[in-house]
1. Quick one: ASN388 ticks every box in (1) crowded, with 18+ Cβ neighbours inside 10 Å; (2) within 20 Å of ILE45 (Cβ to Cβ); (3) polar (S, T, N, Q) bar one, so which box is it?
2. Return the only residue of LYS100, LYS106 being in contact with a strand residue (DSSP E or B) (Cβ under 8 Å, 6 or more places away or on another chain) and either crowded, with 16+ Cβ neighbours inside 10 Å or not polar (S, T, N, Q) (or both).
3. Could you please let me know if LEU95 is over 23 Å from the mean Cα position of the chain (by Cα), under 20 Å from HIS296 (Cβ atoms), buried (at least 18 other Cβ atoms within 10 Å of the Cβ) and not assigned by TED's automatic domain parsing to the domain that holds ASN457?
4. What's the number of the only condition in (1) of a type outside the set (Asp, Glu); (2) touching a helix residue (DSSP H, G or I) at 6+ places or on another chain (Cβ under 7 Å); (3) crowded, with 24+ Cβ neighbours inside 10 Å that THR358 fails to meet?
5. (1) closer than 18 Å to LEU259 by Cα; (2) part of a helix (DSSP H, G or I): which one isn't true of ILE353, the others all being true?
6. Give the range 28-67 a look and list any residue that's of a type in the set (D, E, K, R) and either touching a strand residue (DSSP E or B) at 6+ places or on another chain (Cβ under 7 Å) or in a helix (DSSP H, G or I) (or both), or say none.
7. Suppose we filter the range 302-331 for residues that are touching an Asp or Glu at 6+ places or on another chain (Cβ under 7 Å) and not aliphatic (A, V, I, L, M); how many remain?
8. Are there any pairs, at least 6 apart or on different chains, whose C-beta atoms fall under 7 Å, with the first in the range 410-423 and surrounded by fewer than 10 Cβ atoms within 10 Å (Cβ to Cβ) and the second not in a loop (DSSP other than H, G, I, E, B), and if so, which?
Amino acid sequence: MMNSKILVIFFFLVFGFHPSFGQLTTYEVDELADLTISKFNVAGIAIGIVKDGKVVHSRGYGVKSAKEKETVDEQTQFGIASNTKAFTTTALTILVEQGKLSWEDKVVSYIPEFKMYNSYITENFNVQDLLTHRSGLGLGAGDLMFIPPGTDFTIEDILTSFQHFKPQSAFRTKYDYDNLLYLVAGELVARVSGISYEVFVNEHILNPLGMDNTSFRSSLSINAENLSTPHLLKNDQLIPIPHFEQIGNSAAGGIYSSLDDLCQWMMVHLNQGKFGENLGQQLFTAESQLEVWKIHTPYTTYPGGRYQMHFSGYGLGWELIDIRGNMVAHHGGLIPGMASKTILVPDLNLGIIVLINTSDEFGFSPVEAIAYSIMDSYLGLENYDWINKTHNQVQQSLYETDSVTNAVWEVVESANSSSIAIQNYVGVYIDKWFGKVEVFSKNGELWFRSYRSPKLNGKMEFYKATTFAIRWEYQDMNADAFIIFGLNEEGIAKTIKMKGISPEIDFSFDFQDLDFIRIK
């Protein structure tokens, strides 16, 4: 999950003027965290740094909950969201090394009910295709099956949903980030191993590495006394919100972990799978590490700039770039109220992890600014003032976004809806993968509700022509949407299309993939 804004800000910042500082001291990292808390008004932060096989910094800042005010420490669990994907690829790596499957094996060989958008893709979709965001599907296709949380979709629904999506690019030719295929990867781990994804990861990764303070969303109660609370920053107020509910399995973003555990996780990758006393144990081989850290799906690369980049792309659960001649593996993670960033620089034997328990309604959290500030210091680059520059860019982006959305609601406020024949729109509509929704009348007004995603409900307000705007009752993220009706010759609604109102809507709200037809 989640927002392309972070990537946009990253590319905006790395190509500008950079005004040297050596590696940050503990005091300077503390100052960096304190500045972030005050500048962005976040509740809590945890920062871990490993260098040359040692943990050189592991410290929490701020509070686990704005309500309870207990402080964050190195054992506090945060949701790491999409940084979970590297655990999923490691689980599959272990199965490959056990000889139980190969990267080129076809998914349908293990999951016969798995079905893509045509028979050729279904028959040729292999294990690595699940992990590399090159399926041909559009950005975030199907994410509405799990976001907003609280839907009743199952892993069985997900396995057969892909046949209903229209491809946006040719198979294996273009990068478009997805989450659902990682849930399929989690199911693949279960089918091949004979145990659930969560049990496999626990037995084959967490236990060997001594990651005793890492758990899954379904079992958070085992360490509830040191669990950070997700917060929504709205109107400059910190609002505690519920933990995000995962569906199917935890493979796309369901792991919660602490600084101490994640430092061990970073070191096993920096040590090419070796861990333990004198690195005497092996989780996976160096050959497997090369496969995971090989670009399988290239990005568009902007050469040069501050980091003198030449390539970028996605490996297996990791994003890969070169920075000043150093290969860098990194990944971000975001769920409502929780954000994380991992950076590994193998040439420097350096790992950085940043965890934050706050995001705004547009899905932004300043994990990137902290992580790149620390990385730059180890690269010997001059101070770029990431925190202040990112803050300024975010404020500008929010201003531009607000101007667009405010203009929509101004039109709604001034629109004359007196001539709208409400009964022409009332009815039940169905989409092939998302299921039924209902447009109904309540107190003389039109309302919308989804049968399978209960939090997608709200009042419909007339905008223009046959288009209405919906302000959802769910407001943990800004996902308000247009609903566009197609009418027959008698003016009766027969179809529904949807799209987000905000230009910065999180890509997981893939309203554009919905195609409703009236059935009642």
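1. If we test ASN388 against (1) crowded, with 18+ Cβ neighbours inside 10 Å; (2) within 20 Å of ILE45 (Cβ to Cβ); (3) polar (S, T, N, Q), just (1) comes out false.
2. Result of the check over LYS100, LYS106: LYS106.
3. yes
4. With respect to (1) of a type outside the set (Asp, Glu); (2) touching a helix residue (DSSP H, G or I) at 6+ places or on another chain (Cβ under 7 Å); (3) crowded, with 24+ Cβ neighbours inside 10 Å, THR358 is out only on (2).
5. (2)
6. Result: GLU28, ASP30, GLU31, ASP34, LYS39, LYS51, ARG59, LYS64, LYS67.
7. 5
8. Close Cβ pairs satisfying both conditions: none exist.
The values are calculated or read from the model by the stated rules, or taken from the named source; none is laboratory data. Note that the coordinates shown come from a computational prediction; the quantities given were computed from them, not determined experimentally. Methodologically, a virtual Cβ is constructed for each residue, glycine included, from the backbone with ideal geometry; neighbour enumeration extends over all protein chains shown.
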